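*Asks:* What follows is a single structure, and I will ask about it in a moment.
The values are calculated or read from the model by the stated rules, or taken from the named source; none is laboratory data. Since this is a predicted model, take the numbers as computed values, not measurements. Counting neighbours? That spans all protein chains shown, and the Cβs are built from the backbone with ideal geometry, glycine included.
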Amino acid sequence: MDPGSPLSRSFDVLSHYRRRLVLYHLLETFDGDASLDALTDIIVAESEELDMTPETHRRTMVSLQHVHLPKLVAMGVIEHDEEENVVRLRTPSPMVDRLLDLCLDYETYDHCRN
């Protein structure tokens, strides 16, 4: 399969749990946007291996800013206003939307089993 195909790019952007958490949260919000700080808090809270410390928060935010958000922006599923530190959901492609639904179903089911 061509790594540049829409399917490959969709799998790549959804392959990391932090990117999926960002999208899950933005889909749940009323207006589809959240502050970078709030998204960082959510990721730290959802990551069982992370302790809620200022250093963990800072490292997680840096990871979002420099790794995860740029991938989501490049795929066209979010906008990141760096001046306001706000992340906004854009309408995902039908493929990303469907794959994200499948991911959420699986992760919800798997979480309930454990």
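*Asks:* For segment 30-73, enumerate the residues that are polar (S, T, N, Q) and not in a helix (DSSP H, G or I).
*Replies:* Listed by number, the residues that qualify are 35, 47, 53.
*Asks:* Of everything in segment 19-44, what is of a type in the set (D, E, K, R) and buried (at least 20 other Cβ atoms within 10 Å of the Cβ)? Give them in sequence order.
*Replies:* 19
Table: residues versus (1) among the aromatic types (Phe, Trp, Tyr); (2) over 21 Å from residue 100 (Cα atoms); (3) in contact with a Leu (Cβ under 6 Å, 6 or more places away or on another chain); (4) modelled with pLDDT of 90 or more.
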| position | (1), (2), (3), (4) |
| --- | --- |
| 1 | no, no, no, no |
| 22 | no, no, yes, yes |
| 31 | no, no, no, no |
| 50 | no, yes, no, no |
| 54 | no, yes, no, no |
| 57 | no, yes, no, no |
| 70 | no, no, no, yes |
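*Asks:* When the residues of segment 3-18 are narrowed to those that are buried (at least 18 other Cβ atoms within 10 Å of the Cβ) and either modelled with pLDDT of 90 or more or touching a Ser or Thr at 6+ places or on another chain (Cβ under 8 Å) (or both), which ends up farthest from residue 64 (Cα to Cα)?
*Replies:* Once the filter is applied, the top-ranked residue is 10.
*Asks:* Taking the conditions exactly as written (under 16 Å from residue 14 (Cβ atoms) and surrounded by 15 or more Cβ atoms within 10 Å (Cβ to Cβ)), does residue 99 satisfy them or not?
*Replies:* yes
*Asks:* Which residues, counting only those in segment 55-75, are surrounded by 14 or more Cβ atoms within 10 Å (Cβ to Cβ) and of a type outside the set (D, E, K, R)?
*Replies:* 56, 57, 60, 61, 63, 64, 65, 68, 69, 72, 73, 75
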